[in-house]
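Colleague: Structure in structure tokens, see below.
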Amino acid sequence: MDLYEHQARQLLADHGVLVPRAEVTDSADRARELARALGGRVVVKAQVKTGGRGKAGGVVLAADPPAAERAARRILGMDLKGHTVRTVMLAEPVGIEEEFYVSYVLDRAAGGFLAIASAEGGMDIEEVAASRPEAVARIPVDPAEGVTPAKAAAIAAAAGLPPQTVDTLVRLWQVLVREDALLVEVNPLVRTTDGRIVALDGKVTLDDNARFRHARWGAADGEHDDPLEAAAAAKGLHYVRLDGEVGVIGNGAGLVMSTLDAVAGCGARPADFLDIGGGASATVMADGLDIVLSDPAVRAVLVNVFGGITACDAVADGILQAVDRVRLTKPLVVRLDGNNAARGRALLDARAHPLVQQVPTMDGAARRAADLATAG
Ligand code: GDP
Ligand code: MN
């Protein structure tokens, strides 16, 4: 789960990282009062779970409370990369001397963590990494050893950060470990004109598997900003909405991922990832199909099931249940193989729905679904 900046900021503060004083509101009128309480001059910042807000006009320096109100009025309701701004944070402005980039991120391939740091923070770190890779230090962190003061000093030295940042680097690691985070990123971490090291922005991604240990985030809003994702989660389905036109349903995360690749390989774009899991019942299949079909961007659906524990006849039964429940208006391409495939195929054949077609191979089915979704 990604946190909002104001939530991440709270976690950083809890672990002793300096952050500017700030308040959050969803009202422009209130923004004016809060700006006054914060001393008049404030930075007004859109609270959305996406980066690059500064460039997109979502971060504005306001000279006085009326300007803060105007900025808040403009930013609230703004669309930033598909995220609607519902709240703004007002922060005490900080005089910036230098801007750094610091993050700790889980490196699954290496089975450890990676510290990424640069003395060229503030802007797009991806751009810096692309144009001047030598300006970005990438240092593996052994999870058992963690970031000790000595390790932090090594990270700072490699990235060209001043020794003053060492204490903050250690604290940011503590945020990662104690809060069960997969990512802690501060861009920019700044040295202020009065010589303090302050986190001006914060991004924290928590490990959902450790949610039970962090009850305070239980009711965090915006977790499923997407209504279909929320509906799927309510039914216990593993569904992620993507931005293509081929609905994808499969059993097992690996098979679904390969199906996404197969669809992309045919020149179409997957509209979602939906894993109905092992041992999926007819109801799960029907629920999943309901969700995928209710995405207006979907133009064809590809069901790719390799029956192991899941029996293909149960999947076929689920497809037929769903077809009865919703009025099917989009073509459905089904590939069934493995456990009870013959029975499953026979059930679908017997029904002979005009919009349901079967293709025996995964590549063939992906091809057909991609063609159907991109035709006309
Ligand atoms: P992002 O664009 O979504 O990463 O949002 P940030 O929180 O990083 O803000 C973008 C930029 O605004 C930062 O890189 C800073 O240069 C600037 N900024 C943010 N807060 C302050 C502040 O308190 N004082 C000053 N002078 N600049 C700020
Ligand atoms: Mn930033």
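The values are calculated or read from the model by the stated rules, or taken from the named source; none is laboratory data. It should be emphasised that the depicted structure is a prediction, and the values quoted were computed from it without experimental measurement. Heads up, the Cβs are rebuilt from the backbone with ideal geometry, glycines too, and the neighbour counts pull from every protein chain shown. For the accessible areas, the whole protein counts, side chains as well, though only heavy atoms, and no ligand, DNA or RNA atoms are used. Shrake-Rupley method; radii C 1.70, N 1.55, O 1.52, S 1.80 Å.
Colleague: Please list, in chain and number order, the residues 5+ apart from Gly277 or on another chain whose amide H is under 5 Å from its amide H, with Hs placed from the backbone.
Modeller: When sequence neighbours closer than 5 places are left aside, the close amide H contacts are Gly252.
Colleague: Something else now. Just need the Rg to Rh number for region 21-91, please, alpha carbons only, Kirkwood Rh. If you can, show how the numbers build up before the last one.
Modeller: Working: Rg = 10.7 Å, Rh = 11.4 Å.
So for region 21-91, dividing Rg by the Kirkwood Rh gives 0.94.
Colleague: Mind checking the full-extension length gain between Arg178 and Met123? Use 0.36 nm per residue of separation minus the Cα-Cα distance, one decimal, nm. Display every interim value, and only then the final one.
Modeller: Details: separation 55, 0.36 × 55 = 19.80 nm, distance 2.83 nm.
Full-extension gain reported as 17.0 nm.
Colleague: Work through the residues other than Gly160 whose Cβ is under 11 Å from its Cβ and net out their charges, Lys, Arg +1 and Asp, Glu -1. Can you show the working numbers first?
Modeller: Values: positive: none; negative: Glu98, Glu120, Glu134.
Value of the local net charge: -3.
Colleague: Over 5 Å intervals from 0, what percent of Cα-Cα pairs in region 291-376 sits in each interval?
Modeller: With 5 Å bins starting at 0, P(r) equals 3, 15, 26, 26, 19, 8, 2, 0.
Colleague: Could you bin all the Cα-Cα distances of region 227-374 into 5 Å bins starting at 0 and give me the percent of pairs in each, rounded to whole numbers?
Modeller: Answer for region 227-374: a P(r) of 2, 11, 23, 27, 23, 12, 2, 0 percent.
Colleague: While we're on this one: Rounded, prolate or oblate: pick one for the chain, where a ≥ b ≥ c are the square roots of the eigenvalues of its C-alpha gyration tensor, a/c under 1.5 means rounded, and failing that, prolate if a/b is larger than b/c, else oblate.
Modeller: Numbers: a/c = 2.64, a/b = 1.90, b/c = 1.39.
Prolate, since a/c reaches 1.5 and a/b exceeds b/c.
Colleague: Out of every Cα pair in region 12-131, what percent are spaced more than 20 Å from each other?
Modeller: 52 percent
Colleague: Take the Cβ-Cβ distance between Arg196 and Leu255 as r, set R0 to 41 Å, and report the resulting FRET efficiency rounded to the nearest 0.05.
Modeller: Numbers: r = 52 Å, r/R0 = 1.26.
E between Arg196 and Leu255, to the nearest 0.05, is 0.20.
Colleague: Further question on the same structure: For Asp349 and Ala231, FRET efficiency with R0 = 25 Å and r from the beta-carbon atoms, rounded to 0.05?
Modeller: Values: r = 31 Å, r/R0 = 1.24.
Calculated transfer efficiency: 0.20.
Colleague: Per the helix-only calculation at 222 nm, which mean residue ellipticity applies to the chain, given -39500 (n - 2.57) for every DSSP H run of n ≥ 4 and division by its residues, nearest 500 deg cm²/dmol? Don't skip to the end; give the middle numbers.
Modeller: Values: 12 runs with 133 residues, N = 376.
So the helix-based figure for the chain works out to -10500 deg cm²/dmol.
Colleague: Just to confirm, what accessible area per residue do you get for the chain at 1.4 Å probe, in whole Å²?
Modeller: Details: 16900 Å² over 376 residues.
It amounts to 45 Å² per residue over the chain.
Colleague: Just to make sure I understand: if all protein chains stay in place, what is the order of Lys49, Lys203 by accessible area at 1.4 Å, largest first?
Modeller: Values: Lys49 40, Lys203 90 Å².
I get Lys203, Lys49, largest accessible area first.
Colleague: Could you list, bin by bin from short to long, the percent of Cα-Cα pairs of region 96-213 in 5 Å steps?
Modeller: Spelled out per bin, shortest first, that is 2, 12, 23, 25, 20, 11, 4, 2, 0.
Colleague: Hand me the tally of lysine pairs in the chain: alpha carbons under 17 angstrom apart, and the pair either on different chains or 8 or more positions apart. Intermediate values should be presented prior to the final figure.
Modeller: Working: Lys45/Lys55; Lys45/Lys81; Lys45/Lys203; Lys49/Lys81; Lys49/Lys203; Lys55/Lys81; Lys55/Lys203; Lys81/Lys203.
Here the count comes out as 8.
Colleague: Say each of Ile309 and Arg211 gets a label point 7 Å from the Cα, pointing the same way as Cα to Cβ; how far apart are those two points in nm?
Modeller: 2.0 nm
Colleague: Turning to a different aspect of this structure: In the chain, what % of DSSP beta bridges are antiparallel (nearest 5)? Don't skip to the answer; put the middle values down first.
Modeller: Numbers: 47 of 64 bridges.
Taking every DSSP beta bridge with both residues in the chain, the antiparallel ones total about 75 percent.
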